[in-house]
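Here the structure is laid out as structure tokens; the discussion comes afterwards.
The values are calculated or read from the model by the stated rules, or taken from the named source; none is laboratory data. On a predicted model such as this, the values are computed, not experimentally measured, just so you know. Note: ideal-geometry Cβ built from the backbone for every residue, glycine included; neighbour counts use all protein chains shown.
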Amino acid sequence: MSFLTDNISQFINTYYLDPIRGDEGYNLVNTITWAVVLGICIFGVFRLLKKMDIKINPSFILSILPFVLAGSSLRVLEDSPADIFHPPYSYVLITPNIYFLVFGITVACLWLSIRLQKAGLVKDYHPIFASFGLAWFLINLGVLLHFENIVVAYVPVFVIGAGTGLTFAFYLIARRLKSTIFTDPLNLSILLAHMMDASSTYIGIDKLGYFEKHVLPSYLIKLTGTALVMYPLKLIIFVGVLYLLDTQFEKDEESNNLKMLIKMVILVLGLSPATRNTIRMMLGI
């Protein structure tokens, strides 16, 4: 029995706890685990938003984005060599733990915003909800700039410029092909987030000496010898997933809400690392 317990303990430490303690990135085991957890969380969030009587539409997704920026900048605060946070508190700010923390704060702000609307203090909860996230992001950014200096100022220019340029080129091609799926503003926003993520990965690895922590991208980068591979990888996934979402879901309201939630998650999964990577490289962290 002791032998079995020791093996289980070693397995948990090796594949789950040690990567968090050492911020070592991902391995195949915890990658699969977090993917399953993410899937379960999507349906949990879907049920929660349904209970709160919230319609998942472009306005709601737009109001969520400041919280993505806030969560990403909070992660950079933990990365800072200024040691702003110390263990065990710093462990809460490492992926995937930070997602649960940001989720909890976001839901609390959402609940408060809805209460303000019901109390007649605001006409629409979306702007006040977004403002909470924006204020949080600006505070994080202010703290970062207090402790750190801007080292590589061209990084955000490149990431935003390359991401926007590639997305616009894709839009022109999609419009010429008369594709309504790939000219949809929300779908293009998802592509923009992931093109910025790919751009931040490329400049970080190929130009600034950073390394990739995720299993599949790391394998492909080593295989090809360049992080440019992230562009076709992101594009292939983007085209496939969004095509399935926009053609295979039913047209009823509940199915549409679930589809929009999945799109929101995909958008967050692109914008979050893009923001974190860009801020880190800009500050030389």
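Restricting the first member to the range 174-189 and to residues that are in a loop (DSSP other than H, G, I, E, B), and the second to residues that are among the acidic types (Asp, Glu), the beta-carbon pairs closer than 6 Å and six or more apart or on different chains are 181/246.
Considering every residue within the range 159-169, establish whether at least one is surrounded by 15 or more Cβ atoms within 10 Å (Cβ to Cβ), in a helix (DSSP H, G or I), at pLDDT below 90 and not polar (S, T, N, Q). Checked the range 159-169: no residue is surrounded by 15 or more Cβ atoms within 10 Å (Cβ to Cβ), in a helix (DSSP H, G or I), at pLDDT below 90 and not polar (S, T, N, Q). Remark: residue 129 matches the filter, which requires a residue to be under 22 Å from residue 189 (Cβ atoms), surrounded by 15 or more Cβ atoms within 10 Å (Cβ to Cβ) and not aliphatic (A, V, I, L, M). Restricting 153, 108, 130, 135 to those that are among the aliphatic types (A, V, I, L, M), within 23 Å of the chain's Cα centre (by Cα) and within 29 Å of residue 231 (Cα to Cα) reduces the list to 153.
Among the listed residues 270, 225, 209, 240, which satisfies the condition of being surrounded by fewer than 15 Cβ atoms within 10 Å (Cβ to Cβ), within 21 Å of residue 75 (Cβ to Cβ) and either among the hydrophobic types (A, V, I, L, M, F, W, C) or in the same structural domain as residue 167 (by TED's automatic domain parsing) (or both)? Step by step, each of 270, 225, 209, 240 is checked, and only 209 is surrounded by fewer than 15 Cβ atoms within 10 Å (Cβ to Cβ), within 21 Å of residue 75 (Cβ to Cβ) and either among the hydrophobic types (A, V, I, L, M, F, W, C) or in the same structural domain as residue 167 (by TED's automatic domain parsing) (or both).
Before we move on, is residue 153 in contact (Cβ under 8 Å) with a residue 24 or more places away in the chain and either touching a Phe, Trp or Tyr at 6+ places or on another chain (Cβ under 9 Å) or of a type in the set (Phe, Trp, Tyr) (or both)? No; evaluated as a whole, the condition is false for this residue.
Selection of first residues in the range 71-92 that are free of Cβ contacts under 8 Å to residues at least 40 places away in the same chain and of second residues that are of a type in the set (S, T, N, Q), restricted to Cβ pairs under 9 Å at least 6 apart or on distinct chains, gives the following pairs, ordered by first then second residue: 78/90; 83/90. Counting residues in the range 133-145 that are of a type outside the set (A, V, I, L, M), out of contact with any strand residue (DSSP E or B) (no Cβ under 7 Å at 6 or more places or on another chain), over 24 Å from residue 56 (Cα atoms) and in the same structural domain as residue 115 (by TED's automatic domain parsing) gives one or more. Screening the candidates 113, 189 for the property of being in contact with a Phe, Trp or Tyr (Cβ under 9 Å, 6 or more places away or on another chain), at pLDDT 95 or above and among the hydroxyl-bearing types (Ser, Thr, Tyr) yields one hit, 113.
Taking the numbered list (1) over 30 Å from residue 81 (Cβ atoms); (2) part of a loop (DSSP other than H, G, I, E, B) in turn, residue 213 passes all entries but (1).
If I filter the range 44-76 down to residues being touching a Phe, Trp or Tyr at 6+ places or on another chain (Cβ under 8 Å) and assigned to a loop (DSSP other than H, G, I, E, B), which single residue comes out as surrounded by the fewest Cβ atoms within 10 Å (Cβ to Cβ)? Among those residues, the one meeting the criterion is 52. Being aliphatic (A, V, I, L, M), modelled with pLDDT under 90 and farther than 22 Å from residue 160 by Cα is a condition met by no residue of the range 232-249. Name the single residue that is farthest from residue 269 (Cα to Cα) among those in the range 104-130 being out of contact with any helix residue (DSSP H, G or I) (no Cβ under 7 Å at 6 or more places or on another chain), free of Cβ contacts under 8 Å to residues at least 24 places away in the same chain and assigned to a helix (DSSP H, G or I). It comes out as 118. Run residue 236 past the list (1) in contact (Cβ under 8 Å) with a residue 24 or more places away in the chain; (2) assigned to a helix (DSSP H, G or I) and report the number of the one that doesn't hold. Among (1) in contact (Cβ under 8 Å) with a residue 24 or more places away in the chain; (2) assigned to a helix (DSSP H, G or I), the lone unmet condition for residue 236 is (1).
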